Amino acid sequence: MEGKLVERLEAAVARLEALAAGGGISARGLPDSGGDDMSSDPSIVAFDDLMDQYAAKVSGAAEKIGGQVLDVSKLLLKAFSVEKKLLMEIKQTQKPDMAGLAEFLKPLNEVIMKVNSMAEARGSEFINHFKSAAESLSALAWIAYTGKDCGMSMPIAHVEESWQAAEFYNNKVLVEYKTKDPNHVEWAKALKELYLPGLRGYVKSHYPLGPVWNASGVKVSAAPSKAPQSGAPAPPCPPPASHFTSEPSKASSSQPKQGMSAVFQELSSGNVTAGLRKVTDDMKAKNRTDRTGVVSTSKKQTSSTPSTTTPTVKKVAPPKLELQMGRKWAVENHIGNKNLVIDDCDAKQSVYVFGCKDSVLQIQGKVNNITLDKCTKMGVLFKDVVAAFEIVNCNGVEAQCQGSAPTISVDNTSGAQLYLSKDSLEAAITTAKSIDINVLVPGATSDADW
C-alpha cells in the first residue's frame, strides 16, 4: 500500500516538474492555459476568430503605415492577447474580491497604461491615432464587470460607450487623411470594426452578463515577493493603483491627518478643552459696563441704507461677427439676433460660434469647418462643410445642412436637432457625453415630412 502511494507521489512530482520546466505553471499558480482542452473551448475559439477577422486588418494597415502608428497598434493587439489569456484563466479561477480582481487584471492594465502614456505625450503628428487606441482599449475593461452594483455598465453597453469616446478621435483621423493617405483611413476603419461589430458581437454571444468564474477553481493570489536573506517572510505589498478600479487608496493611520480629519480626530480623543482660557465673571457680557442692550437707531439706519449699495452687474462681452486674419469667422455673444449672415466665405475659412443665445446664423457658402461652443437655443443653416460640423457644450441647438458634411460631432450637449439634406445622408455622426440628440432626414418626396 505504501509503495503504491510513493509511486503516485513520485509521478505527481515528475508531472509538476515537467510542467514548470515547460512554462506550464503560471505566476498565479494556475496550470498553463494553453492546453488543448482550453483552446478548444467555444468562447476561446470565438476570440481567436475575432483576432483573425478584425485584429488582422488593424495590423495589416499599421504595417503599411509603420513608425509610431505601428508601435501603438502592436500594443493594442497585445492588450487583446492578454485579455484572451485572462479569459482562459477565469475558467480556472474563483471569483475574487475587488483587491484580488485588481491584481488579476494587472497584466492587462499595464499594457493599457503604456498606450495611455503615448496618448498623453505631446508633439506627435499621430496624436489622434494614439488617443483613438487609448480610448478604445477601455472597452476591454468589460472583463471587470462583477454585477449591477460594481459601478460599470453591463458588458455590451460598456463596449459601445468606450468606442463612442474613441470615435471622436478616430473620425479626426478619417477627416485628416481622407485625401492624403488611404492607409490611415484603412487603419481607422479597421479599428472601428475591431470593436463594432467585433468585440461587441463577441461579448454579446458569450459574456452578455460578464465573465463566468469557476466556483471550484483556485483563488487569486498576488505574485510572491522575494523573502529577505534572514529567511523571514517579507510583508505583503499594497496592491497597485489599477485602471479597473475607482476606489481611492486609504490613507495610512500613521500619517498626520489634515483639514477636517484632524478636527474630528481631536474631538474623538476626548481632550477637547486643553488650552482653553477660563472665562471670569467680569468677562461675561451681562457684567460688562462698556456694553448696553440698547441698539443705536442712527447706526442701524446707516448700515441698512439701500441707496449706498451698488449692485454688481455681470459684464457681457460685446457681440461680434468678423473675419479674423482672413481665415476664421468669429461669431460671438449675440443674443436674440435672428439675422446673422455670413455670405462672403470660402472653403479655406472656418466659422467659430461662441456664447450666442436665441439667435440664427446663415452661412451662404462652403467653409472648411463650423464649431458651435457654449450656445443656447441657437440655430445654424449652412450649405457645405469640407471637414466637420461640431457642437460642443451647447443646449437646445438646431442645425440644418443644405449641402454635404462628411463628419458631424456632438460633445457634451443637451438637446440638438440635426436636419440633413440628401447629399449629407452619408455623414459620420458621433456623440459623446450628450443626451436628447435627434437626426431628421428628408422624406421620400419633397412634400413628405422629415
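Farther than 29 Å from Pro318 by Cα, assigned by the TED database to the domain that holds Val331 and either hydrophobic (A, V, I, L, M, F, W, C) or crowded, with 22+ Cβ neighbours inside 10 Å (or both), is that true of Ala448? Spell out the reasoning first.
Values: farther than 29 Å from Pro318 by Cα: yes; assigned by the TED database to the domain that holds Val331: no; either hydrophobic (A, V, I, L, M, F, W, C) or crowded, with 22+ Cβ neighbours inside 10 Å (or both): yes.
Here the answer is no, as Ala448 does not meet what is asked.
Please go through (1) among the hydroxyl-bearing types (Ser, Thr, Tyr); (2) open to solvent by 50 Å² or more (accessible area, probe 1.4 Å); (3) closer than 17 Å to Lys192 by Cβ for Ser132 and return the number of the only condition it doesn't satisfy.
Failing condition for Ser132: (2).
State whether the residues of segment 125-145 include one that is farther than 26 Å from Val385 by Cα, assigned to a loop (DSSP other than H, G, I, E, B) and either in contact with a helix residue (DSSP H, G or I) (Cβ under 9 Å, 6 or more places away or on another chain) or among the small types (Gly, Ala, Ser) (or both).
Yes, that holds for at least one residue.
I'm trying to understand the selection: among the residues of segment 181-212, which are surrounded by fewer than 17 Cβ atoms within 10 Å (Cβ to Cβ) and either on the phi > 0 side of the Ramachandran plot or not in a helix (DSSP H, G or I) (or both)?
Asp181, Pro208, Leu209, Val212, listed by residue number.
Just to be sure I understand the filter: pairs with C-beta atoms under 6 Å, separated by 6 or more residues or on different chains, first member in segment 428-450 and within 27 Å of Ser162 (Cα to Cα), second member open to solvent by 60 Å² or more (accessible area, probe 1.4 Å) and at pLDDT 90 or above. Which pairs pass?
These pairs meet every condition: Lys433/Asn412.
Which pairs do you get when a residue that is over 16 Å from Ala190 (Cβ atoms), found in segment 60-86, comes within reach of a residue that is open to solvent by 20 Å² or more (accessible area, probe 1.4 Å), reach meaning Cβ atoms under 7 angstrom, with the pair 6+ apart or on two chains?
Listed by first residue and then by second, the contacts come to Gln68/Ser124; Gln68/Phe126; Val82/Pro107.
Restricting attention to segment 75-100, and to residues there that are under 26 Å from Ser132 (Cα atoms) and open to solvent by 10 Å² or more (accessible area, probe 1.4 Å), which single residue is farthest from the chain's Cα centre (by Cα)?
Narrowing segment 75-100 to residues under 26 Å from Ser132 (Cα atoms): 75-87.
Those left that are additionally open to solvent by 10 Å² or more (accessible area, probe 1.4 Å): 75, 77-78, 81-82, 84-85.
Working: Leu75: 18, Leu77: 19, Lys78: 20, Ser81: 22, Val82: 21, Lys84: 22, Lys85: 24 Å.
Applying the filter and picking the extreme gives Lys85.
It is to be established whether one or more residues within segment 29-47 are at pLDDT 90 or above, open to solvent by 80 Å² or more (accessible area, probe 1.4 Å) and closer than 23 Å to Ala133 by Cα.
No, every residue in segment 29-47 fails to be at pLDDT 90 or above, open to solvent by 80 Å² or more (accessible area, probe 1.4 Å) and closer than 23 Å to Ala133 by Cα.
Suppose the filter is free of Cβ contacts under 8 Å to residues at least 12 places away in the same chain and open to solvent by 40 Å² or more (accessible area, probe 1.4 Å); does Glu160 pass it? Write out each step before concluding.
Details: free of Cβ contacts under 8 Å to residues at least 12 places away in the same chain: no; open to solvent by 40 Å² or more (accessible area, probe 1.4 Å): yes.
Judged against the criteria, Glu160 is not a match.
If I filter segment 396-445 down to residues being touching a Pro at 6+ places or on another chain (Cβ under 8 Å) and within 20 Å of Leu361 (Cα to Cα), which single residue comes out as surrounded by the fewest Cβ atoms within 10 Å (Cβ to Cβ)?
Only one residue fits best here, namely Ser421.
Show the residue pairs that are 6+ apart or on different chains and have beta-carbon atoms under 6 Å apart, the first residue being within segment 337-360 and closer than 15 Å to Glu398 by Cα and assigned by the TED database to the domain that holds Thr371, the second being of a type in the set (Ser, Thr, Tyr) and in a strand (DSSP E or B).
Pairs found: Lys357/Thr376.
The values are calculated or read from the model by the stated rules, or taken from the named source; none is laboratory data. Values in this document were obtained by computation on a predicted structure and should not be read as measured data. Neighbour counts are summed over all protein chains in view; Cβ atoms, including those assigned to glycine, are modelled from backbone coordinates with ideal geometry. Accessible surface areas use protein heavy atoms only, side chains included; no ligands, DNA or RNA. Shrake-Rupley method; radii C 1.70, N 1.55, O 1.52, S 1.80 Å.
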